[in-house]
Structure formats: structure tokens, C-alpha cells
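Working notes, beginning with the structure itself.
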Amino acid sequence: MAAASGFATTISGAKMETLLSLNSSSYSTSSVSFVLPQDVRVSCKPPRNNYRRRVLLNHKGGGVRCEVSTASNDVALAAEIDPARVSSMSALEQLKTSAVDRYTKERASIVVIGLSIHTAPVEMREKLAIPEAEWPRAIGELCGLNHIEEAAVLSTCNRMEIYVVALSQHRGVKEVTEWMSKTSGVPVSEICEHRFLLYNNDATQHLFEVSAGLDSLVLGEGQILAQVKQVVKVGQGIVGFGRNISGLFKHAITVGKRVRTETNIAAGAVSVSSAAVELALMKLPESSHASARMLVIGAGKMGKLVIKHLVAKGCTEMVVVNRTEDRVAAIREELKDVEIIYKPFSDMLTCAAEADVVFTSTSSETPLFVRDDVKDLPPVGSEVGGLRLFVDISVPRNVGSCVSDLENARVYNVDDLKEVVAANKEDRLRKAMEAQAIINEESKQFEAWRDSLETVPTIKKLRAYAERIRLAELEKCLSKMGDDISKKTRRAVDDLSRGIVNKLLHGPMQHLRCDGSDSRTLSETLENMHALNRMFSLETEVAILEQKIRAKQSQK
């Protein structure tokens, strides 16, 4: 499928990928022809004036009429189609409803497609979880989708959320959901049943609430802020982690810090790890708290917190299973008054046989314990309730769900921690309201900053426009002065022309810049931007979006 003068249209399946490239410098009065699917031929004459263009497709008299109109004139493109074939023109219908005009009017949106502990069970979340090491690959694949420009992944034990900048909300969500299904093996219908969707300001507010600990199972817990920071750290240098998404996450870090500084939301807050310890102690007879044999599998961030909270509750001896001894030795050095015994993974089942409570917090993508492993373990004493407790705070889970069927064991996962954090609900709500006021304020600032970015392409185009004129006039001047002028004179004339242009541009540039903190100033700035676009035919919005769609096609 080809067209002259850079005019090309490709329609495929359920997606529209339209490139409209009408370069004013290459306009001609000759007709342009191209072929739509099913051998429908369209002929047109390109517009003479380089104004904003619209593409329309209308059914008239049993046929289809394609028109390109400008601000100054209408140029008709006509294609007569056999009425009998109109019903089979599904691809053409898609072009009608998905014309380039939609992309020039619809601003790229920030969208979050996610599943959290509030919307999906751990069985679903663990299938969709993306390990941190895979985040760069995921960002690259997401940005390779037709309507996704930027992306980031936030995957923790309580949530799996994908943040994107989408050229089209509907198509972007559809493509990301299909990608999630393809990479996880979970049917799209199941993902849709448990996912949540938020757009623009709602998506911004959600991430700010997540960073502040308001959306956590444990209100105000600090680990989520560290996880948001990790998203930024991993995203550095990745092309798809662009200005909008990067700015969003960096602002979320600022919000998280401010909420914790200006409110007492973190006072007395517990983490997932401390809630796991509390849950285990709730399930044990109180008389056995000091004597119960504790086993911690995994000495990463979560495992280390489990160990610290066990010590805070009076535990003085425990066994820690980890791949290497280095981390365990560091924890042992930090907690010198506690006996911490290191064991390698090869001794895991032996250690489990000697433990009353087993905490698991590893990044293993397959279960460490299954039914056959646990059923043959020796029973625990009646003084600890006669049941071996498995407290699994990993996602994906380290303990298979089949272990719950055994009579000699009880398994608890992150979803079961709700029982621990249900206390002090009124106090938690009051703290959340204090934090919400800060989040609302910061959300407005971020949206204003994002709005102010719209003027950046106009600033660049205006400078480029002025520079082209300067160079052209400078060349005319120098040619009139002859070839025997000195380098010093040439440089002086060049500096003079630059100075004149910079002085002339200073005023317009000042009126195109704002920090986004003043809504009145921002509104005026955007009005100035549109005025300059009209005066100098910069066509920022149309040109930029056309370039984005064209860039997507060039990657295919």
C-alpha cells in the first residue's frame, strides 16, 4: 500500500494506524492516489495552503466519500464504492471512526491499569506479578504497542500496576490488557474482572496515595515509598520511561515524603512484615510466644524486617534460611544480642521440620513448599496449638495453596493480614484525611506542570522558525557584502542578527513559559501558544501527534 507525496494509509484488524504526512514544501497540484483495503482506489489533490487538516469519511448515496478540509478551503477526495461491497468494508468503517482527527484532538493521557489487594486475590496477583529485573523489558514491550508512548511498572506483594502515557485511552487500555494476558497466561476476561482503570488526574492522585501509604493494607507503611523510588531508579536510562511518567513518579516520591513529614500518619504504623509477625502471634497460644521455634526463609528486605519485628516481640533465637550467608551475617552483626542461625536452602525442609512457625519472603516464582513436602513433617507440640503455621508474605506465593488442605498445618498469606490492620480504624481515617488534603494540592501542581509542557514544542518550533529566517537573511546580507569581508566582520554581522532575533523573541518566549503553579498564568500561556501557532502556522499539536504515529509505524 503506497501513496505519493508521503500520503500513506494502513488499516489492519481492530487497530487503526494512520499516517498523514502532508509536507508543505512538497505540495503539488498533481493528483495523489492510494489504495485502501479491498482495492478501493482514492484520488485527491493536496491542499495548496498549509493549514490544519481534517480527514472525514462519510457514506452518501450508497458510496463512501473521503474529504480533506482546511481552514481556507475544502479539497474533496472522492471514491465511489459498489454499494454491495459497503457492508463488507469493516476496515473502512474503522477508518471512519478512528480518523487522524481523533489523535489531533485527544491529548495523550496518563492511564493506570492495575490490580491490588483491594480488587484482586493473591492467586490472581501472583500470576501477573513482574519481577524487578523484568521491568526494563516490560517497559520496552509496552512502549512498542501502537498507542503507548511511555510506561512504568509498579509490582509489589500488594499490587501490580502499569502506568502508561496513551495516545488513545480506549485503544491503549485494550493493548495493555492484551499484553498483560499474553505475558501472564491469564485470560483477558479474568483480568478485566479484577482490574481497575484510572485516567489522568485520577491516575495521578492514585499514585500519590500509594506513595503516601494511603492505599496500602497497612496505612502509612514506609516500604511502599521505597518501592516507588525503586521504579525511578530502574527507569533511569530507559527510553520508554519518559518525561511524563518520570515526572509523575518523582513527584509521587515528593508527596510521600511530605505526607510523612507534615502528618503523623507514620506514627505507630506497621509494615507488611510486622503485620505478619502480629498475625503469627495472634494464632499462637500466648503462653508459647517466648518458646515457639521460629524459621525465616529469605533474608531480603522483607525477611530482615520480619527478623527485626520478631526480636522486638521478645524472640531471642531463630533460624534463617537464605541462598548465601552474607546477608544473614550482616543482620547478625546488627542484632548482636540475638542468636541467628544461618542455614542454606538445601537444609530448608530439615529446618521446617524443627520449626513451629515458618515465615517465607523470597522472590522465588515457584512454591518452596507443596503438599508432599509438608504432609510428612513431624507434628508440632500441643503447647503451640498442635499446628505448624506458615506465614507467606511473598508474591508469587512461596507456599502452595494445597498445603492448606493438610490437617497439621495452617497457611496465611498477605491477604490474611487484613485481620491485623483492622484495629484503630477511626484513627486511621482521620490521618488519611489530613494526608488527602496534601495529595489534592500536589495533584493540582503536577497537572499544571504537565499542562505547561504543551508549550515546549511551540517554543522549539518558534525558535526554529526564527532561526531559518535569520540564516536566510544573513546569507543575503553576506552575499551583498562580497567575498572579501573579514572573518571578524562576518562574526559581527552574525552576532548582530542573533541579537536582534533574541530580542524580538524574548517577549513571546516569556509569555510561553510558566511554572504551572498559577492557573490564571497557565491559562494565558496556553492561549498565547495557540495564538502563536495560528500566526506562524506552527501547527504544533497536529504535527507532533502525526510524528508520534509515524514513529510507531517506522518501528514495525
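The values are calculated or read from the model by the stated rules, or taken from the named source; none is laboratory data. Please read these numbers as outputs of a predicted model, since none were measured by experiment. All Cβ positions, even for glycine, are placed from backbone atoms using ideal geometry, and neighbour counts span all protein chains on display. All accessible areas refer to the heavy atoms of the entire protein, side chains included, with ligands and DNA or RNA removed. Shrake-Rupley method; radii C 1.70, N 1.55, O 1.52, S 1.80 Å.
Quick one: is Lys283 modelled with pLDDT of 90 or more and either open to solvent by 70 Å² or more (accessible area, probe 1.4 Å) or over 30 Å from Asp451 (Cβ atoms) (or both)? Yes: the conditions hold for Lys283.
The combined condition, being crowded, with 17+ Cβ neighbours inside 10 Å and over 39 Å from the mean Cα position of the chain (by Cα), is not fulfilled by Leu295. State yes or no: is Val380 under 20 Å from Lys283 (Cα atoms), of a type in the set (A, V, I, L, M) and without any contact (Cβ under 8 Å) to a residue 40 or more places away in the chain? Taking the combined requirement at face value, the residue satisfies it. Condition check for Ala435 on (1) under 25 Å from Met318 (Cα atoms); (2) in a helix (DSSP H, G or I): one failure, at (1).
When Met160 is tested against (1) within 24 Å of Ala276 (Cβ to Cβ); (2) open to solvent by 20 Å² or more (accessible area, probe 1.4 Å), just one condition goes unmet, and that condition is (2). Based on this model, can you work out whether Val239 counts as assigned by the TED database to the domain that holds Ile148, in a loop (DSSP other than H, G, I, E, B), more than 22 Å from the chain's Cα centre (by Cα) and of a type in the set (Val, Ile, Thr)? Taking the combined requirement at face value, the residue does not satisfy it.
Say we look at the stretch 228-266 and pick out the residues that are small (Gly, Ala, Ser) and touching a residue at least 12 places away in the same chain (Cβ under 8 Å); which of these is surrounded by the fewest Cβ atoms within 10 Å (Cβ to Cβ)? Ranking the candidates gives Gly247 first. The residues in the stretch 111-140 that are free of Cβ contacts under 8 Å to residues at least 40 places away in the same chain and crowded, with 21+ Cβ neighbours inside 10 Å can be counted, and the count is 0. Right, Lys431: under 34 Å from the mean Cα position of the chain (by Cα) and either among the acidic types (Asp, Glu) or not assigned by the TED database to the domain that holds Val321 (or both) or not? Yes: the conditions hold for Lys431. Among the conditions (1) touching a residue at least 40 places away in the same chain (Cβ under 8 Å); (2) open to solvent by 20 Å² or more (accessible area, probe 1.4 Å), the only one that Lys375 does not satisfy is (1). In the stretch 441-454, the condition of being closer than 27 Å to Lys308 by Cβ and open to solvent by 60 Å² or more (accessible area, probe 1.4 Å) is met by no residue.
Of the residues in the stretch 534-546, at least one is modelled with pLDDT of 75 or more and open to solvent by less than 30 Å² (accessible area, probe 1.4 Å). Total residues in the stretch 312-331 satisfying the condition of being open to solvent by 50 Å² or more (accessible area, probe 1.4 Å) and over 38 Å from the mean Cα position of the chain (by Cα): the figure is 3. Using the structure shown, decide if Ser181 is at pLDDT below 95 and surrounded by fewer than 23 Cβ atoms within 10 Å (Cβ to Cβ). In short, no.
Cβ separations smaller than 9 Å between residues 6+ apart or across chains give the following pairs from the stretch 466-488 residues that are surrounded by 10 or more Cβ atoms within 10 Å (Cβ to Cβ) to residues that are of a type in the set (Gly, Ala, Ser) and modelled with pLDDT of 90 or more: Arg470/Ser497; Leu471/Ser497; Glu473/Ser497; Leu474/Ser497; Cys477/Ser497. Against the condition in the same structural domain as Leu128 (by the TED database), surrounded by fewer than 20 Cβ atoms within 10 Å (Cβ to Cβ) and either touching a strand residue (DSSP E or B) at 6+ places or on another chain (Cβ under 6 Å) or among the aliphatic types (A, V, I, L, M) (or both), how does His206 come out, does it pass? In short, no. The criterion of at least 2 residues that are in contact (Cβ under 8 Å) with a residue 60 or more places away in the chain and more than 30 Å from Glu419 (Cα to Cα) is met, among helices (runs of 4 or more DSSP H) falling completely within the stretch 147-224, by 169-184. Might you let me know whether the stretch 401-416 holds any residue that is farther than 19 Å from His289 by Cα, assigned to a loop (DSSP other than H, G, I, E, B) and among the aliphatic types (A, V, I, L, M)? Checking the stretch 401-416: at least one residue is farther than 19 Å from His289 by Cα, assigned to a loop (DSSP other than H, G, I, E, B) and among the aliphatic types (A, V, I, L, M). Only residues that are free of Cβ contacts under 8 Å to residues at least 12 places away in the same chain and closer than 27 Å to Asn408 by Cβ were counted in the stretch 327-365, giving 2. Here the condition is being in a helix (DSSP H, G or I), at pLDDT 90 or above and not polar (S, T, N, Q); of Glu447, Glu442, Glu426, it holds for Glu442 alone. Leu225: farther than 25 Å from Ala133 by Cα, at pLDDT below 95 and open to solvent by less than 30 Å² (accessible area, probe 1.4 Å), yes or no? No: the conditions fail for Leu225.
Filtered by the rule that a residue be under 19 Å from Ser363 (Cα atoms) and surrounded by 16 or more Cβ atoms within 10 Å (Cβ to Cβ), the stretch 332-348 gives Tyr342, Lys343, Phe345, Met348.
All of (1) part of a helix (DSSP H, G or I); (2) open to solvent by 50 Å² or more (accessible area, probe 1.4 Å); (3) at pLDDT below 90; (4) not aliphatic (A, V, I, L, M) hold for Arg513 with one exception: (1).
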